[in-house]
Amino acid sequence: MGRATGALRLASAPLNYSTQMPPHAPQQDDPLRQMKLHLAMNVIRLRQDRRLTQLQLANVADLSRATVHLVEAGACDARMSTITSIAAALGVDPVELLGPPDGDQSHAGSAT
């Protein structure tokens, strides 16, 4: 059979995640996009804290590097199994990946 026509194309230029927000930054009033951003920022922070590359994290989590890239870019609706695999590879609870990143005050005071 022929080659798959729906090939995934990734940006060739690396992002500096410490200063750039994922390209699909959410609108303040969109909870799903906000959760994607939280997931992206938390995975990036925890991966970098552990000095792992995307490929190393992908290998430990038994995922493709492209999947890790898409999660970190906020460019996909990650399956719960993907979130769970990434959390296990990073040694955290999956809930920690979905909550506001450390230092994010956007929800401060909402639970009082």
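Take the stretch 83-93 and flag every residue that is assigned to a helix (DSSP H, G or I) and within 22 Å of residue 51 (Cβ to Cβ).
83, 85, 86, 87, 88, 89, 90
In the stretch 45-71, the qualifying residues are those that are part of a helix (DSSP H, G or I) and among the β-branched types (Val, Ile, Thr), and the one that is nearest to residue 100 (Cα to Cα) is 71.
Scanning the stretch 76-97 for residues that are among the polar types (S, T, N, Q) and surrounded by 12 or more Cβ atoms within 10 Å (Cβ to Cβ) yields 82, 84, 85.
Contact annotation: residue pairs with Cβ atoms under 7 Å, 6 or more positions apart or on different chains, pairing a residue in the stretch 74-92 that is at negative phi with a partner that is polar (S, T, N, Q), are 82/67. Exactly one residue out of 62, 49 is at positive phi, at pLDDT 95 or above and loosely packed, with under 14 Cβ neighbours inside 10 Å: that is 62.
The values are calculated or read from the model by the stated rules, or taken from the named source; none is laboratory data. For clarity, every value in this text was computed on a predicted model and none was experimentally measured. So basically every Cβ, Gly included, is an ideal-geometry build from the backbone, and we count neighbours across all protein chains shown.
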